[in-house]
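**Student:** Submitted below is the structure of interest, expressed as structure tokens.
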Amino acid sequence: MLAELKLAPSGVVARFEREWKHDVQKVWSFLTENDKLSKWFSELQIEDLREGGLVKFDMGDGTFEEMRITHFEPYTVLAYTWGEDEVRFELQRAQEGCQLVLMETIHNITSHTAKDLAGWHVCLDAIGALLDEHTLESREDEWKTWYKKYQDHVDYFQKNRLQ
């Protein structure tokens, strides 16, 4: 299912939801433990896991973007800056495991927005696969498929919000 896009006071919120048959602690470990984080988003690294702490993004050229942790509640909420935006993971117990909600607050939709949304979509699919002890066959092929869908989704949202 595509992320839901909604207008918000600070721009647009993209909301992704997943339910997995795994407990909150196991899912949390994929968001906060570097050995597991690297399996689904190799450029990210937790440097200081606390509110006000630090997440680093490896730019691939020897430099790192530092992202501040804006909200931290163990096993419940992890939010951090993402450029001028913010990403927020929320976990809660579900009847058969755990529900994860990822919200990205996007201040300005750009030509890169659909790429980012497709990327988050595939990242969440990768976490789900890893939780089930397998991997996606080709993350690049998955991304290409979802990118086309998200480009249409963002275009439709932009067109309709302006009317």
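The values are calculated or read from the model by the stated rules, or taken from the named source; none is laboratory data. Predicted model only: the values in this text are computed from it and were never measured. With ideal geometry, Cβ positions are generated from the backbone for all residues, glycine too; neighbour counts draw on all protein chains shown.
**Student:** Taking the range 50-80, which residues are of a type outside the set (Val, Ile, Thr), loosely packed, with under 13 Cβ neighbours inside 10 Å and out of contact with any Ser or Thr (no Cβ under 9 Å at 6 or more places or on another chain)?
**Tutor:** 50, 59, 60, 61, 62, 73 - these are the residues of the range 50-80 that are of a type outside the set (Val, Ile, Thr), loosely packed, with under 13 Cβ neighbours inside 10 Å and out of contact with any Ser or Thr (no Cβ under 9 Å at 6 or more places or on another chain).
**Student:** Is it the case that residue 133 is under 30 Å from residue 48 (Cβ atoms) and surrounded by fewer than 14 Cβ atoms within 10 Å (Cβ to Cβ)? Steps first, answer last, please.
**Tutor:** Values: under 30 Å from residue 48 (Cβ atoms): yes; surrounded by fewer than 14 Cβ atoms within 10 Å (Cβ to Cβ): yes.
For residue 133, the condition - under 30 Å from residue 48 (Cβ atoms) and surrounded by fewer than 14 Cβ atoms within 10 Å (Cβ to Cβ) - is met.
**Student:** Looking only at the range 81-129, filter to residues that are in contact (Cβ under 8 Å) with a residue 60 or more places away in the chain and of a type in the set (Gly, Ala, Ser); which one of those is surrounded by the most Cβ atoms within 10 Å (Cβ to Cβ)?
**Tutor:** 128
**Student:** From the list 33, 96, which residue is at pLDDT below 95 and closer than 23 Å to residue 132 by Cα? Explain how you work it out, then say what you get.
**Tutor:** Details: 33 fails: at pLDDT below 95.
None of the others qualify; the one that does is 96.
**Student:** What do you reckon, is residue 50 in contact (Cβ under 8 Å) with a residue 12 or more places away in the chain, of a type in the set (Lys, Arg) and either under 22 Å from residue 150 (Cβ atoms) or assigned to a loop (DSSP other than H, G, I, E, B) (or both)?
**Tutor:** On the way: in contact (Cβ under 8 Å) with a residue 12 or more places away in the chain: yes; of a type in the set (Lys, Arg): yes; either under 22 Å from residue 150 (Cβ atoms) or assigned to a loop (DSSP other than H, G, I, E, B) (or both): yes.
The answer is yes for residue 50.
**Student:** Does the range 56-70 include one or more residues that are over 28 Å from residue 148 (Cα atoms), touching a strand residue (DSSP E or B) at 6+ places or on another chain (Cβ under 6 Å) and not in a strand (DSSP E or B)?
**Tutor:** no
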